[in-house]
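Read through the structure below, which is laid out as structure tokens, and then see the notes.
The values are calculated or read from the model by the stated rules, or taken from the named source; none is laboratory data. These numbers come from a predicted model, not from an experiment. Virtual Cβ from ideal backbone geometry, glycine too; neighbours counted across all protein chains shown. Quick note on the areas: whole protein, heavy atoms, side chains included, nothing else; ligands and nucleic acids left out. Shrake-Rupley method; radii C 1.70, N 1.55, O 1.52, S 1.80 Å.
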Amino acid sequence: PHSAKKAELLGIEYTVGVKLMQGARVSILNDDPAANQREGQQKAVEVFKTVLKRDPYGAYADDALLGLGACYTTLDETDKAIKAYRRLKGDFPNRSLIDRARVGETYARARAGRASAAEVNRLRDQARAQRTTNQPGARVNADAQAFSDSVNELEELEAKKMWQQAEFYQRRGTNESV
């Protein structure tokens with residue numbers, strides 16, 4: 001049995017984690033934006049872990065796992081990010097964040113150089129199909145837009161990787177394709 005107060009506190013805690021993840025300053029004494037961002041991501045990880053520890057299958061658990069994956073990706077902790085996304089997909093297969101977990105996992109793998117162009121293309125096609133079949137509703141449309149934005153970011157990352165490979169081969173003086 002979950003009390004309303006516990007749910008409210010978990011909601012507040014989750015919101016703090018999101019704010020930290022989005023760049024809220026952790027320390028007023030540190031003026032280095034990069035250090036503040038990293039510290040904010042680390043603090044957000046702690047908050048999301050606390051939410052999961054207090055209610056591992058509650059209303060905020062899937063959101064906390066998605067946040068964990070995003071923070072770990074930003075912190076370049078790819079294996080932990082993938083583990084969080086896979087846990088979300090395994091523990092909450094019927095929740096609305098599954099598509100974002102798939103994109104997050106592929107994005108983390110792409111940042112680490114472990115995702116294929118086929119995976120990126122499959123997610124892009126899925127995002128396009130989702131846009132055309134969306135039902136009216138604020139939450140659904142917001143999730144679809146976030147999914148679409150994530151896929152676009154993933155495509156840009158893949159294009160950047162291909163461009164870097166082309167430049168590498170050009171510097172080498174070979175005509176190998178990407």
Looking at ALA70, is it open to solvent by 20 Å² or more (accessible area, probe 1.4 Å), assigned to a loop (DSSP other than H, G, I, E, B) and touching a residue at least 24 places away in the same chain (Cβ under 8 Å)? no
Restricting attention to the stretch 11-66, which residues are among the small types (Gly, Ala, Ser) and over 26 Å from ASN94 (Cα atoms)? GLY23, ALA24, SER27, ALA34, ALA35, GLY40
Checking PHE48 against (1) of a type outside the set (D, E, K, R); (2) at pLDDT 90 or above; (3) touching a Cys at 6+ places or on another chain (Cβ under 9 Å); (4) open to solvent by 10 Å² or more (accessible area, probe 1.4 Å): exactly one of these is not met. Which one? (4)
Answer from ALA101, ALA110, ALA115 - the residue that is among the small types (Gly, Ala, Ser), crowded, with 19+ Cβ neighbours inside 10 Å and at pLDDT 90 or above: ALA101
Given (1) at pLDDT 65 or above; (2) not in a helix (DSSP H, G or I), where does VAL178 come up short, assuming only one miss? (1)
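Condition check ((1) touching a Phe, Trp or Tyr at 6+ places or on another chain (Cβ under 9 Å); (2) under 21 Å from ILE12 (Cα atoms); (3) small (Gly, Ala, Ser)) across all residues:
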position	(1), (2), (3)
ASP31	no, no, no
LYS53	no, yes, no
CYS71	yes, yes, no
ASP76	no, no, no
LYS83	yes, no, no
LEU97	no, yes, no
ALA101	yes, no, yes
SER116	no, no, yes
When residues of the stretch 20-35 are limited to those that are part of a helix (DSSP H, G or I) and without any contact (Cβ under 8 Å) to a residue 12 or more places away in the chain, the one least open to solvent (accessible area, probe 1.4 Å): ALA35
Take GLY58 and tell me if it is more than 25 Å from ARG114 (Cα to Cα), more than 17 Å from the chain's Cα centre (by Cα) and open to solvent by less than 30 Å² (accessible area, probe 1.4 Å). yes
Scanning the stretch 159-169 residue by residue, those in contact (Cβ under 8 Å) with a residue 12 or more places away in the chain and under 11 Å from GLY113 (Cβ atoms) turn out to be LYS161, GLN165
What are the residue pairs meeting all of these: first residue in the stretch 36-58, first residue farther than 17 Å from LEU75 by Cβ, second residue part of a loop (DSSP other than H, G, I, E, B) and open to solvent by 20 Å² or more (accessible area, probe 1.4 Å), Cβ atoms under 6 Å, and 6 or more apart or on different chains? VAL51/TYR60
